[in-house]
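The values are calculated or read from the model by the stated rules, or taken from the named source; none is laboratory data. Just so it is clear, the structure is predicted and the values come from calculations on it, not from any experiment. Reconstructed Cβ throughout: ideal geometry from the backbone, glycine too, with neighbour counts over all protein chains shown.
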Ligand SMILES: Cc1cc2nc3c(=O)[nH]c(=O)nc-3n(C[C@H](O)[C@H](O)[C@H](O)COP(=O)(O)OP(=O)(O)OC[C@H]3O[C@@H](n4cnc5c(N)ncnc54)[C@H](O)[C@@H]3O)c2cc1C
């Protein structure tokens, strides 16, 4: 079989492009994926005790983009799961983002007074950056802001990024809010939920198309070469398009050095109980070496008595051979990325899409939207 397009990587970026180009574009697609499974980081599977787990970290679908929701709904139904996160503050489970319910949990009898002060100044539903509360020169609101900063944000962020809080950008700090609401949901998007049969089943349906041939366990670098402005497939010049969703520094043999990332180590534990924690994700914001614990049954709604699986996440610097998860975005790293991008631009039929190829954090819906837009242009 000859191909019109090669897609590298079978996460949401690659799978969406493969399906669109095969179906809407009528093109013959070769899809190459290094891992032995589809789905990229959204892959899920049953563990030894029959619990559906997310191997690369908990993935909750949420979006305000109707096109993305409708597109993915062709391949899966979604449950009506609404994600909630609590911070474990010395054993007290406090809703995050910090809201009226959190204020009551932490400040007890003082809560009504604090809530009144906030609602006298701001409309309900506002997310107020804690810096703005400090600037009010009201000692009680400053105390609230300091509490959120120290007990919900600072230690957690230090663990996540591996730097002292003083080195975290002011822009990031400015995003920590107090949410004037009793809405405990972590996301307020119009559409949210979990794929009813899991992400992997959704991907399998996306790839079930006669124009798609996919090879798992295949590192594209073993078959597709980029040299001197020419792309080859299995040693022969390839004049079709290549859509690449892997890491750009790796593609060009780290010529200018490694693009820095944070990686995660996942500690899975199965416990002989119905339920481990009160809600899907609990952030450890004042102690513990891990950042958070996710209990999968709470996310997926899976009914299984007497057993549950949890996952602890440990964040650390990424070195070659680790899974790169979070791009470390600063001026220096973006300049380095720019040099790799210049190399990629020497191949006019090479298109970059995805969180690795673009060295950017994308939620799942954003990456599907990006892939759909790219295909709109290509078809
Ligand atoms: C811990 C964590 C939790 C997250 N939770 C959420 C969430 O709750 N909600 C949400 O919306 N988003 C979440 N995200 C973001 C989500 O994971 C991304 O939006 C999504 O993975 C992006 O898809 P992608 O296709 O760009 O990348 P990926 O899913 O990483 O897919 C890229 C694929 O390319 C393959 N590949 C790379 N190089 C090669 C090569 N040389 N040859 C062959 N194959 C190659 C890789 O093996 C991989 O399978 C989370 C991310 C992380 C890290």
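List of remarks:
- Any chance residue 53 is within 16 Å of the ligand (Cβ to nearest atom), under 30 Å from residue 148 (Cα atoms) and touching a strand residue (DSSP E or B) at 6+ places or on another chain (Cβ under 9 Å): no
- Qualifying residue in region 228-251 (condition: touching a residue at least 40 places away in the same chain (Cβ under 8 Å), farther than 22 Å from residue 10 by Cβ, out of contact with any helix residue (DSSP H, G or I) (no Cβ under 7 Å at 6 or more places or on another chain) and in a loop (DSSP other than H, G, I, E, B)): yes
- Pair list, Cβ < 6 Å and 6+ apart or interchain, from region 135-161 residues that are closer than 14 Å to residue 288 by Cβ to residues that are at pLDDT below 95 and not in a loop (DSSP other than H, G, I, E, B): 158/165
- Residue that is farthest from the ligand (Cβ to nearest atom), among those in region 1-26 that are in a loop (DSSP other than H, G, I, E, B) and over 16 Å from residue 350 (Cα atoms): 26
- Residue within region 95-105 that is in contact with a strand residue (DSSP E or B) (Cβ under 7 Å, 6 or more places away or on another chain), farther than 20 Å from residue 153 by Cα and in contact (Cβ under 8 Å) with a residue 60 or more places away in the chain present: no
- The residues in region 252-263 that are part of a loop (DSSP other than H, G, I, E, B) and surrounded by 13 or more Cβ atoms within 10 Å (Cβ to Cβ) can be counted, and the count is 6.
- Hits in region 317-346 - residues which are surrounded by fewer than 16 Cβ atoms within 10 Å (Cβ to Cβ) and touching a strand residue (DSSP E or B) at 6+ places or on another chain (Cβ under 6 Å): 322, 323
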